[in-house]
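The values are calculated or read from the model by the stated rules, or taken from the named source; none is laboratory data. Keep in mind that this is a model prediction, so the values were computed, not measured. Neighbour counts run over all protein chains shown; Cβ positions are idealised from the backbone, glycine included. For accessibility, only protein heavy atoms count, side chains too; no ligands or nucleic acids. Shrake-Rupley method; radii C 1.70, N 1.55, O 1.52, S 1.80 Å.
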Amino acid sequence: MSILVVGSVAFDRIITPFGTADRCLGGSATYFAVAASFFAPVNLVAVVGDDFTDEDAAIFKGRNINLDGLQKVKGARTFFWAGEYGFDLNVAKTRETQLNVFADFKPRLNDVQRASEVVFLANIDPDLQMDVLHQCKKPRMVALDTMNYWISAKKDALTRAFQNVDLIVINEAEVRQFTQEANLVKGCRQILTLGAKTLVIKRGEYGVLMFTRDAVFAVPAYPLENVFDPTGAGDTFAGGFLGYLASCRQADDRELRRAIIFGSVLASFTVEKFSLDRLREITLADVQERYRAFRALTHFEDYS
Ligand code: AMP
């Protein structure tokens, strides 16, 4: 099945206790598309300015990513985000956001994009997310991500979006902020009553929780000695997760659990270097090898 992703392609400035990277490639759609393309064809819909060079676009080349939807606006600059992390790499502080080309982003999908079976509405204005979804023909699975800004600025629109998707991928703090509920399990149950069948909670270095109406699945993050830059971990997770599901015949509980591991594996590579530098160099064999290591990490026997 093919995947549609709508989101940001960006230049980031990243400040971590281990160093700073300026004008490095980022954006939710960038991380998502590269991760998902390990498993399934991706239609990318995003906008960049004319400061986005062929060298920048090279990240998408040689992968299963269709760039017909990557619009380039003349005389304008690419979306820019500056983020800073302290030693607690789970918390990103936004230092600067320049919307640039993103301010007037109104995606119009072509027939190929509209026919995608799996849709990922990355973190953008929830009204825009719904506008994109309404252009899609009959997707088999629709997932969305969001951020704290939209929860405070556009809660009603975001609630409508939550009501119209199958799967929500958000982080722990966002569940609490949206529901005003301190207990994560209660908060998740509350969000599920809005309509989505599956809720995936990203918990940074503590891993991922998946809630469906009748099951909970929890995995740790892959333990790494060198975590360099957590930027994009969430979008990479979503890419690995949905990419794997798009390659499956059906998204039953067994495949959903495998997808959670593939998402976690891809995200564990992203954080090992700045920007997409580590994702750029890995192969599917590396992904499969770490999947097996993950299995060993979490395996234990029943007792009698
Ligand atoms: P993540 O770390 O997975 O939450 O996503 C990080 C990426 O999201 C960065 O590469 C940023 O360029 C991008 N980003 C940050 N803020 C926004 C925003 N307001 N809208 C769209 N993308 C954003």
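Listed here are the residues, each with its yes/no results for (1) more than 16 Å from the ligand (Cβ to nearest atom); (2) at pLDDT below 95.
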residue	(1), (2)
GLN129	no, no
LEU133	yes, no
CYS136	yes, no
MET141	yes, no
ASN148	no, yes
ILE151	no, no
ALA161	no, no
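Just one residue in the set GLU205, GLU225 is closer than 26 Å to LEU25 by Cα, surrounded by fewer than 19 Cβ atoms within 10 Å (Cβ to Cβ), within 15 Å of the ligand (Cβ to nearest atom) and of a type in the set (Asp, Glu); that residue is GLU205. Restricting attention to segment 81-126, and to residues there that are of a type in the set (Asp, Glu) and part of a loop (DSSP other than H, G, I, E, B), which single residue is nearest to the ligand (Cβ to nearest atom)? Result: ASP125.
When the residues of segment 72-94 are filtered to those that are closer than 20 Å to ASN171 by Cα and out of contact with any Pro (no Cβ under 8 Å at 6 or more places or on another chain), which remaining residue is surrounded by the most Cβ atoms within 10 Å (Cβ to Cβ)? Here the answer is TRP81.
When the residues of segment 62-71 are filtered to those that are in a strand (DSSP E or B) and not hydrophobic (A, V, I, L, M, F, W, C), the one that is least open to solvent (accessible area, probe 1.4 Å) is GLY69. Taking the criterion of being in a helix (DSSP H, G or I), in contact (Cβ under 8 Å) with a residue 60 or more places away in the chain and not aliphatic (A, V, I, L, M), the residues of segment 238-262 that qualify are GLY239, GLY240, PHE241, GLY243, TYR244, PHE262.
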